[in-house]
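Trainee: Take this structure first; my questions come after.
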Amino acid sequence: MVVKLYGLVTAACPQRVLLCFLEKEIEFEIVHVDLDTLEQKKPEHLLRQPFGQVPAIEDGDFKLFESRAIARYYATKYSNQGTNLLGKSLEHRAIVDQWADVETHYFNVLAFPIVLNLVIKPRLGEECDAVLVEELKAKLGVVLDIYENRLASNRFLAGDEFTMADLTHMPAMGYLMRTDVNQMVKARVNMNRWWEELTARPAWKKLMKMAGFEA
Amino acid sequence: MAGIKVFGHAASISTRRVLLTLHEKNLDFELVHVDLKDGEHKTESFLSHNPFGKVPAFEDGDLKLFESRAITQYIAPRYEGQGTNLLQPDSKNLAQYAIMAMGMQVEAHQFDPLASKLAWEHVFKLIYGLTTDQAVVAEEEAKLAKVLDVYEARLKEFKYLAGDTFTLTDLHHIPAVQYLLETPTKKLFTERPHVNKWVAEITKRPASQKILQ
């Protein structure tokens, strides 16, 4: 019995879970939820995710939503296979958690509305709020300087190894790098080095292929 | 042993999340006051504790952390044997843990952004001599009402958010809930019987009373 992921391979939050599956070598099945027709707001999906968002998972009788909780669950359940995403001690895990929480509270709050305006709205034929985007980019610059400083003395966000703290950034980073925000990353030596290492990972390459972004 | 230190402000929602956890676990600690009004959280000295310039920051011996929810999630298992159990009854049951984790994500992503904004408008703005923007309040309350409808359905089935016992998931909500109870937004809780009961339970806990002093 294989875990079912309700969502789609091109959406950022489902990608967070898919990346975890790929890093941990966990088999899965994607059940497509059509965001363009607002399938996620319909009664059938609301039973899986009451806030009307993707992803949700079903693993036999076990059901869960919130991509970061799902990723954490699988990273813990399969701690003995694939990449170790959660550190080697309670203290190390706390540092991983710290930088994973930074993704939620400092990075995603800026990255998400930028991607919404620069990528999603044009696709839906809606107008982009250019003034807002410039404001958000200015704030993002301040945050990226902190990351730059962290990555100057650490290979990855939580230390010497790739962990959930890095993985959780990748979906939104992937989208940001397809916009002119990529210049902000390329202008920062350590962030650039970190992103190149992350995107060289086989799991990421596999995900991008599944999403139809790379040959 | 160097002991536990919290760098923060006794009135800050995020700092209180950590203080609550320490009180629930009966842990001794030192609260090192950071003067937010004077911008102390943006000074070089504080930035060495949290490069993002926000409270709280935390030390336990050699371990240094920031992000309140990472801190609480360290304290709960690290001191599992003492005080209130803030994890699920069977702390080794992974599925149960995941349900608690899911609830913590919901608090961080769905509840806190709205609750914090409302606390800012109703309470903290006044402290800084600014005025409440009623249009923002109306907008955020409408969104929070929808979120609390989901909570109402959940709390019909379970006594607490992650099951039948009080866990970190419930605790993470307490500081913002306490502030909102002192504002007109309180009605969103009292209008929903199961949410209202849950609010009463979690705010009457001795640790919850302690952080108000």
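Trainee: Inside segment B:166-185, can you point out the residues that are more than 17 Å from the chain's Cα centre (by Cα) and either assigned by the TED database to the domain that holds B:Thr15 or open to solvent by 10 Å² or more (accessible area, probe 1.4 Å) (or both)?
Mentor: Answer for segment B:166-185, where residues must be more than 17 Å from the chain's Cα centre (by Cα) and either assigned by the TED database to the domain that holds B:Thr15 or open to solvent by 10 Å² or more (accessible area, probe 1.4 Å) (or both): B:Thr183, B:Pro184.
Trainee: Sticking with this structure for a sec: Restricting to segment B:24-46, and then to whatever is of a type outside the set (A, V, I, L, M) and crowded, with 20+ Cβ neighbours inside 10 Å, can you tell me which residue is farthest from the chain's Cα centre (by Cα)?
Mentor: B:Phe46
Trainee: Is segment A:99-113 home to any residue that is farther than 19 Å from A:Ala211 by Cα, more than 8 Å from every other protein chain (Cβ to nearest Cβ), open to solvent by 60 Å² or more (accessible area, probe 1.4 Å) and touching a His at 6+ places or on another chain (Cβ under 9 Å)?
Mentor: Checked segment A:99-113: no residue is farther than 19 Å from A:Ala211 by Cα, more than 8 Å from every other protein chain (Cβ to nearest Cβ), open to solvent by 60 Å² or more (accessible area, probe 1.4 Å) and touching a His at 6+ places or on another chain (Cβ under 9 Å).
Trainee: Still on this model: Go through segment B:104-123 residue by residue and tally those that are open to solvent by 40 Å² or more (accessible area, probe 1.4 Å) and over 30 Å from A:Pro55 (Cβ atoms).
Mentor: 1
Trainee: So which residues in segment B:60-84 are more than 7 Å from chain A (Cβ to nearest Cβ), among the polar types (S, T, N, Q) and open to solvent by 20 Å² or more (accessible area, probe 1.4 Å)?
Mentor: Hits for segment B:60-84 are B:Gln82, B:Thr84.
Yes/no per residue for (1) within 12 Å of chain B (Cβ to nearest Cβ); (2) modelled with pLDDT under 95:
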position	(1), (2)
A:Asp34	no, yes
A:Glu39	no, yes
A:Ile57	yes, no
A:Ala75	yes, no
A:Gly82	no, no
A:Leu85	no, no
A:Ile95	yes, no
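Trainee: Residues that are over 21 Å from B:Val150 (Cα atoms): which helices (runs of 4 or more DSSP H) entirely in segment A:1-109 hold 2 or more of them?
Mentor: It comes to A:12-23, A:67-77, A:90-102.
Trainee: Go through segment B:115-135 residue by residue and tally those that are assigned to a helix (DSSP H, G or I) and either of a type in the set (Phe, Trp, Tyr) or more than 22 Å from the chain's Cα centre (by Cα) (or both).
Mentor: So the count comes out to 4.
Trainee: Identify all residues within segment A:152-199 that are part of a loop (DSSP other than H, G, I, E, B) and small (Gly, Ala, Ser); write none if there are none.
Mentor: Scanning segment A:152-199 gives A:Ala158, A:Ala187.
Trainee: Does segment A:135-146 include one or more residues that are loosely packed, with under 15 Cβ neighbours inside 10 Å and over 25 Å from B:His109 (Cα atoms)?
Mentor: no
Trainee: Looking at (1) surrounded by 14 or more Cβ atoms within 10 Å (Cβ to Cβ); (2) within 8 Å of chain A (Cβ to nearest Cβ), find the lone condition where B:Ala153 falls short.
Mentor: Evaluating B:Ala153 over (1) surrounded by 14 or more Cβ atoms within 10 Å (Cβ to Cβ); (2) within 8 Å of chain A (Cβ to nearest Cβ) leaves (1) as the failure.
Trainee: Any idea which of (1) under 26 Å from B:Leu63 (Cβ atoms); (2) open to solvent by 60 Å² or more (accessible area, probe 1.4 Å); (3) under 21 Å from the mean Cα position of the chain (by Cα); (4) within 14 Å of another protein chain (Cβ to nearest Cβ) is the one B:Ala101 doesn't satisfy?
Mentor: (2)
Trainee: Within segment A:70-92, can you find the residues that are free of Cβ contacts under 8 Å to residues at least 12 places away in the same chain and surrounded by fewer than 22 Cβ atoms within 10 Å (Cβ to Cβ)?
Mentor: The answer is A:Thr76, A:Lys77, A:Ser79, A:Asn80, A:Lys88, A:Ser89, A:Leu90, A:Glu91.
Trainee: To continue, here is another question. For segment B:157-164, check the following and say yes or no: at least one residue is over 23 Å from B:Pro56 (Cα atoms), in a helix (DSSP H, G or I) and at pLDDT 95 or above.
Mentor: Within segment B:157-164, one or more residues are over 23 Å from B:Pro56 (Cα atoms), in a helix (DSSP H, G or I) and at pLDDT 95 or above.
Trainee: Pick from A:Ala138, A:Ala203: which is more than 13 Å from chain B (Cβ to nearest Cβ), assigned to a helix (DSSP H, G or I) and in contact with a Ser or Thr (Cβ under 8 Å, 6 or more places away or on another chain)?
Mentor: A:Ala203
A quick yes/no check of all residues on (1) away from chain B (no Cβ under 14 Å); (2) aliphatic (A, V, I, L, M):
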{"site": "A:Ala152", "(1), (2)": "no, yes"}
{"site": "A:Pro171", "(1), (2)": "yes, no"}
{"site": "A:Leu176", "(1), (2)": "yes, yes"}
{"site": "A:Trp194", "(1), (2)": "yes, no"}
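The values are calculated or read from the model by the stated rules, or taken from the named source; none is laboratory data. Keep in mind that this is a model prediction, so the values were computed, not measured. In this analysis, Cβ positions are derived from the backbone assuming ideal geometry, glycine residues included, and neighbour counts consider all displayed protein chains. Accessible surface is based on the protein model in full, side chains and every heavy atom, while ligands, DNA and RNA are left aside. Shrake-Rupley method; radii C 1.70, N 1.55, O 1.52, S 1.80 Å.
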